[in-house]
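See structure below.
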Amino acid sequence: MDTLLLSRIQFGANISFHILFPTITIALGWVLLFFKVRFAMTGDRKWMDAYMFWVKVFALSFAMGVVSGITMSFQFGTNWPGFMETVGNVAGPLLAYEIMTAFFLEAVFLGIMLFGASRVKSWVHTLATFLVAFGTTMSTFWIIVLNSWMHTPQGYELIDGVVHATDWFAIIFNPSMPYRFVHMMLASGLTVAFLIAGVSALRMLWGDRGEDVKAALRVGIIAGAGLIPLQILAGDFHGLNTLEYQPAKVAAMEGNWDTGPNIPLVLFAIPDEDARENRYEIAIPNLASLILTHKAEGVVPGLNDFVSEAGEVLHPRVAPVFFAFRIMVGTGVANLALSWLGLALLRKYGAGNMPKLPLYAFCAMSFSGWIATLAGWYTTEIGRQPWLVQGVLSTKDAVSDVPAGMVLGTLIGYLIVYAILIFAYIGVITYLARKATTGEAYSVRNYPRGREANVSAIQLGE
Amino acid sequence: MAYFADPAVWLPWTFAALMGLSTLIYVVLDGFDLGVGLLMPLADEDQKDRLVASIGPFWDANETWLVLAVGLLLVAFPPAHGIILTALYLPVFIMLIGLILRGVSFEMRAKAPLAQKRMWNGAFFAGSLMASLSQGFMLGMYIMGLTWTWAHVGFAALTALFLTVGYSFIGAAWLIWKTEGALQIRAIRWAKGGIWGLVAGIIAISIATPFVSARIFDKWFSVPTAFYLAPLPIISVLLVVFVWWQLARLPLNHDRWSWTPFAAATALFTLAYGGMAYSFYPYVVPKKITLYDAASAPESLFIILIGTVFVLPAIVCYTLLSYYIFRGKARDLRYD
């Protein structure tokens, strides 16, 4: 394997590991704010119990996200020096704004949010929670702006092979940005909804029927059931946008080889790039045309359009994009089914008497958001190949000349560390749930303390 | 300095200054919390918790200054960013693994089952050690011009050791300020043990740098600049004497002067750093690329600068607010 492929795998591994944690913190920040505000409004301590449990998950996820994010910023230099050298004039300011408007905000107020409850007034603590949630969202915004610009670059000119910004409004509000941003925010919301529902279900199965667990389960199910239709809608719009700007990606997602009307929706197949056809195809006639163009006879682009006369393949590898897309959609369908079933059961039984079987199902789906997010990420990022910046910079022109052996060595190192950490992360969340169930975490219900105690003791009627 | 009217001159200069400032803030702030991590094995089991508590609310924000420094290198001097980081591929990898281990074990040790706590404490120390050593190594390689020869690697290994001990010194100085009782007395002892690393490091770099480069030699040892620069080493010597004298008489009643070793350590790091910055200016990659050659397009830098003018003061303000909120001696960290 050469440096290019190894560097791609390494960056792919890094970003896959990294994205797991922002996916949780982006939405969990807002959920925590919701818990805190509910507590302030009602004085019902179940909301504070829920806050105290989930803030630990937040802190852990945040730390994992920060350290893996630092890795990414260094890898631009160590593995992809051509990236900043070519598009630095656009990427630079966007990254700088992320660091300045988001990173510091999150990092500083996180300290106050985690450890400051007894040192500041309650409203300051709520404000800190808000600023952390706001910071993670800002961070998402800037990163998605940059990522979207790499897919649909606008507002620049090339001078001597280097990109120069000409219109910052066009750069920031590039054509795919709104769709990507909404899609990512909803993905985070769904990931958190199913994580909260799943962990709460686990605690209930372990016999913890505390008010906070029931409240969290309810919040998780309702959020999941509410967000999933929005996500399907946003995904559909995003797909139409991709069809307009990156037709090769859509062709790979659909597994469609020849451009034409009346294209079927391929449910399953094994794309064969050598034979340039699908094997074992199961398809529904006309449906791809109908979905993508809203007309049965609509013309959908095919992969064969993206092979140059010299035979050079200018479309992404088909199989990974094709399968990743199906995994994402499949997970989404499962989310839809389970959350709506959960909603119905919630109405029928209430959170406290939820039958065991759906509780097991929610447990099993705790990390389904991760699967969907990763699959979606692979669809869009592998789908961009062979370009790093669509039409501007190809991936092979950005890679560093570090020896392949060195990249392989560090890749193995990262993979080992990441595997251990994922294992530890899920283990610790399970342990936190167990600890909360056995009451260890609640043995001393001594919050809120300090100055805050005066206020909330009155609220709590103590 | 009429040529400062040209944006292609003052913008790169401004960004070099901002990057330098960010790096300095990083070295001092993450220096002390890396240092506390390095001291972990020397502390008792219950003291370990206090050590972690003393940096708990801060470490995350401290580390962000590294992201800003690298970010500014990346956005303002893209070619230099590529050259420096590909040359330092392996030490960067070790630093990143170190920072990952450290940041994660920080959270894990408090949340994982008690039986695992020892392991995560170990990971916290190991991560701090990896990050400190690799940063010192990179510093040495940078001074030597980013070329991998045995002599250069040897020198870098020395700076790695010295910076690591130097970090443990500023970490101990932080603990003198933020702790009390038996732990504070221990911290004083640690600081006494660690200060030689900082001193040796400053001396090694001060001697080596001019000999690596005739240009830097001339910058320092020509008349009259030598006289302007003389206060730098003189104040450094005075600071070291002051710290030594303070460490001998601390702790005082009512905890007076307990903040002075940390302040002096900060001043020492700042002076040493200032000297280095003076040596290398205007080069961003030693002997190869000046910051003017490597700078991004002025219009892009200008876009960032506008934001910086508004945002950086805000960052400084709320960072100070956080240190103010968590002022006083470190208490147990509690989420509830």
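The values are calculated or read from the model by the stated rules, or taken from the named source; none is laboratory data. Every value quoted in this text rests on a predicted model; they were computed, and no experiment measured them. Cβ sites come from the backbone with ideal geometry, for glycine too, and all protein chains shown count toward neighbours. These accessible areas exclude ligands, DNA and RNA; they are computed on the full protein's heavy atoms, side chains included. Shrake-Rupley method; radii C 1.70, N 1.55, O 1.52, S 1.80 Å.
Structural remarks
- For the peptide A:408-419, the mean number of other protein chain Cβ atoms found within 10 angstrom of a residue's Cβ is 2.
- Set of lysines with alpha-carbon distance to A:LYS121 below 19 Å, sequence-local pairs under 8 removed: A:LYS36
- Highest average first, the peptides A:328-335, B:70-77, B:230-237, A:81-88 ordered by how many other beta carbon atoms sit within 10 Å of their residues are B:70-77, A:81-88, A:328-335, B:230-237.
- Per-residue packing, averaged as other Cβ atoms within 10 Å, sorts the ranges A:263-272, A:177-186, A:143-152 into the order A:143-152, A:177-186, A:263-272, beginning with the highest.
- Of A:TRP80, A:TRP30, the residue with the largest accessible area leads and the full order is A:TRP30, A:TRP80 (1.4 Å probe).
- Unit charges on C-beta of K, R, D, E only; dipole of the protein assembly as shown, Debye: 3240 debye
- Protein accessible area in chain A, 1.4 Å probe - carbon and sulfur %: 66 percent
- In this view, the solvent-accessible surface of A:SER68, computed with a 1.4 Å probe and all protein chains in place, comes to about 0 Å².
- Sparsely packed trypsin sites (Lys or Arg not before Pro) within the range B:234-325, loop by DSSP, other Cβ within 10 Å at most 10: B:ARG256
- The count of lysine pairs in the range B:9-325 whose Cα atoms are under 16 Å apart, excluding pairs fewer than 8 places apart on the same chain, comes to 4.
- The range B:9-325 - percent of accessible surface contributed by carbon and sulfur, probe 1.4 Å: 76 percent
- For the range B:167-277: relative contact order, % (alpha-carbon pairs under 8 angstrom, 6 or more apart): 34 percent
- Label-to-label distance for A:MET41 and A:ASN304 is 5.9 nm, based on points extended 7 Å past Cα in the beta-carbon direction.
- Angle between chain A longest axis and helix A:45-79 axis [Cα atoms, degrees, rounded to 10]: 30 degrees
- The angle between the Cα long axis of helix A:81-98 and the longest principal axis of the Cα atoms of chain A comes to about 30 degrees, rounded to the nearest 10.
- Heavy atoms of the protein chains alone define the surface here; on that basis the range A:219-355 has 50 Å² accessible area per residue at 1.4 Å probe size.
- Solvent-accessible area per residue, Å², over the range B:9-325 with all protein chains present [probe radius 1.4 Å]: 38 Å²
- Unit charges on C-beta of K, R, D, E only; dipole of the range B:9-325, Debye: 520 debye
- Computed from the C-beta positions of B:TYR292 and A:LEU5, the FRET efficiency with R₀ = 35 Å rounds to 0.45.
- Cut-off of 10 Å, at most 14 other beta carbons, DSSP loop: longest stretch of chain B lacking such chymotrypsin sites (Phe, Trp or Tyr not before Pro): B:1-147
- Mean separation of Cα pairs under 8 Å and 6 or more residues apart, divided by the residue count, gives the range B:9-325 a relative contact order of 22 percent.
- Over chain A, relative contact order from alpha-carbon pairs under 8 Å, at least 6 apart, %: 21 percent
- As a size descriptor, the averaged projected area of the C-alpha convex hull of the protein assembly as shown was calculated at 36.4 nm².
- Estimated distance in nm for a label pair at A:LEU267 and B:ILE207, the labels positioned 7 Å out from Cα along Cα-to-Cβ: 7.8 nm
- Residue-level accessible surface for A:ARG434, protein heavy atoms, 1.4 Å, Å²: 110 Å²
- Note, ³J(HN,Hα) from phi for the range B:172-185, Karplus 6.51, -1.76, 1.60, rounded to Hz, x at Gly and Pro: 5, 4, 4, 5, 4, 6, 9, 10, 9, x, 4, 5, 4, 5
- In summary, the lysines within cross-link reach of A:LYS249, defined as a Cα separation below 30 angstrom excluding same-chain residues under 8 places away, comprise A:LYS295, A:LYS396.
- Note on chain B: GNM, Cα springs under 10 Å; of B:ILE185, B:ILE202, B:ILE306, the largest mean-square fluctuation is that of B:ILE306.
- Leaving ligands and nucleic acids aside, the B/A contact buries around 6100 square angstrom of accessible area in total at a 1.4 Å probe radius.
- Chain B: angle of helix B:117-143 to the longest principal axis, Cα-based, in degrees nearest 10: 20 degrees
- Nearby aspartates and glutamates by direct alpha-carbon distance to A:LYS46 (threshold 18 angstrom, same-chain neighbours under 8 apart not counted): A:ASP208, A:GLU211, A:ASP212, A:GLU440, A:GLU452, A:GLU462, B:ASP336
- For the range A:1-63, the per residue solvent-accessible surface stands at 28 Å², with DNA, RNA and ligands left out and a 1.4 Å probe.
- Only Lys, Arg (+1) and Asp, Glu (-1) charged, at Cβ; the range B:50-174 dipole about Cα centre in debye: 420 debye
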